[in-house]
Structure formats: structure tokens, C-alpha cells
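The numbers here are math on the coordinates, done by the rules we state, and not lab data. Note that the coordinates shown come from a computational prediction; the quantities given were computed from them, not determined experimentally. Because the Cβ atoms are built from the backbone with ideal geometry, glycine has one as well, and the counts that use them run over all protein chains shown.
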Amino acid sequence: MYQKIVRRFIAIYLELITGFLWWGVGFIPFHHIRRFFYRLFGMKIGQGSSIHMMARIYDPRHITIGTDSIIGERATLDGRKQLAHSQGGLAIGDHVDIASEVMIWTSQHDVHSFDFHPIEKAVKIEDYVFIGPRVIILPGVKVSYGAVVAAGAVVTENVERGQIVAGIPAKVIGQRQTEKLDYRLGRARWFQ
């Protein structure tokens, strides 16, 4: 009974944080101010990285973003890792370009269980990845170095180094033509 009460209070606390970051912070048109609040609530954000307006953040304590990465408008970043045995959390590397309205989930329900219990699995996005608009990445996926995920794809399995994937579910449609990547994304637009 005690654990159930504690879990309920933690859930309410995290819902309040999610609401504050969405309504109170997500609409502020300045990257530096939003980044300050995201870091204040535990998110680790590298130098030169930015999260555009109206991002939906779930449990920022377990989200890490490397340097020079850009997260597009209305993106969903799920850092949930609430169960003691959970493997949840979200790690985004350096020079990662995530377009608008991308959803990255680390938690889902077991539809085959009698109690519909949650399953939390970490998502890792390595350096120099490009994720197109409206992509959905499901729990437990690793998107490896230099991979490209085409717009609207639903990623249910790992994407290997340099692969280009598209579709529902995402399938390999090509390979990036260079092995070594070395670029900076540049500064984010001011009012996004």
C-alpha cells in the first residue's frame, strides 16, 4: 500500500513538471530561457544544442542531449524511467537533427499482459543522425551513427550505422554515401 501511495505522488509530481514545461516553458520564444528551465528540472543539454518551441517533455531527469543538436518544434521526448528495474531513458548524441513533430517514446504498455503493465526501454540516438518530420521512434530502439530516418516513418527496430530507413514499419531503403561525417548544424533560429 505504501509503495502504491509513493508511486502516485511521484506520478502527480511528474505530471506537474510535464505541464509546467509544456505550458510555462514550451511557449517562451527564447532558446536560452527554455534551456535554463529544462536543465533546472534535470535534463542534460550540451553546448550549442537547442529545443524548439512547444516540445513535450516527459521526465527530463533521464534525457541527455549532446552538443550541437537541434530538436524541432512540437517534438515529444520521453525520458520515463520510473520503475526500479526499468531500462528507460533517452540519450541523444552530438550533431543530431530531429525535425518537427517527432515522437520518441521510452514507455509503452504490454498489450499481451493481463494487467496492461508498462514496459520502459531506453532509446539511444547516436551522433550525426537525421530524423525527418513526424517520425515515431518506439521504446528500445537504437539509431546508430549517421543514420537517416525518412519523414513519417515508424521505427520499431534498431537502425544500423549510415542506413536510410523509411515506411511503416521502417525498412532500409539505402545507405549514406560517406562513412566519416564532420559538420555542425549551426545556430538555431531565434523564435522557434
- prompt: Semi-axes of the chain's equivalent ellipsoid from the Cα gyration tensor, sqrt of 5 times each eigenvalue, largest first, rounded to whole Å?
  reply: 27, 22, 13
field: For the chain, built as a Gaussian network whose Cα springs stay under 10 Å, the top-fluctuating residue of Ala11, Ala99, Ala55
entry: Ala11
message: How much of the DSSP bridge set in segment 109-173 is antiparallel, in percent, rounded to the nearest 5?
response: 25 percent
message: Under 8 Å for C-alpha pairs, at least 6 residues apart: give me the relative contact order for the chain, rounded to a whole percent.
response: 14 percent
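Of the listed peptides 182-188, 137-143, what is their order by residue-averaged count of other C-beta atoms within 10 Å, with the highest listed first?
Ranking the peptides 182-188, 137-143 by packing returns 137-143, 182-188.
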- prompt: Most mobile of Tyr145, Tyr128, Tyr13 per a Gaussian network model of the chain (Cα springs, under 10 Å)?
  reply: Tyr13
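Only counting other Cβ atoms within 10 Å, I'd like Asp59, Asp94 sorted with the fewest neighbours first.
Ordered by Cβ neighbours within 10 Å, fewest first: Asp94, Asp59.
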Theoretical ellipticity at 222 nm over the chain - DSSP helices of four or more residues, -39500 (n - 2.57) apiece, nearest 500: -4500 deg cm²/dmol
- request: Looking at the chain, send over the antiparallel percent of its DSSP beta bridges, to the nearest 5.
  value: 20 percent
statement: GNM on the chain, Cα springs under 10 Å; top mean-square fluctuation among Ile119, Ile65, Ile104 goes to Ile119
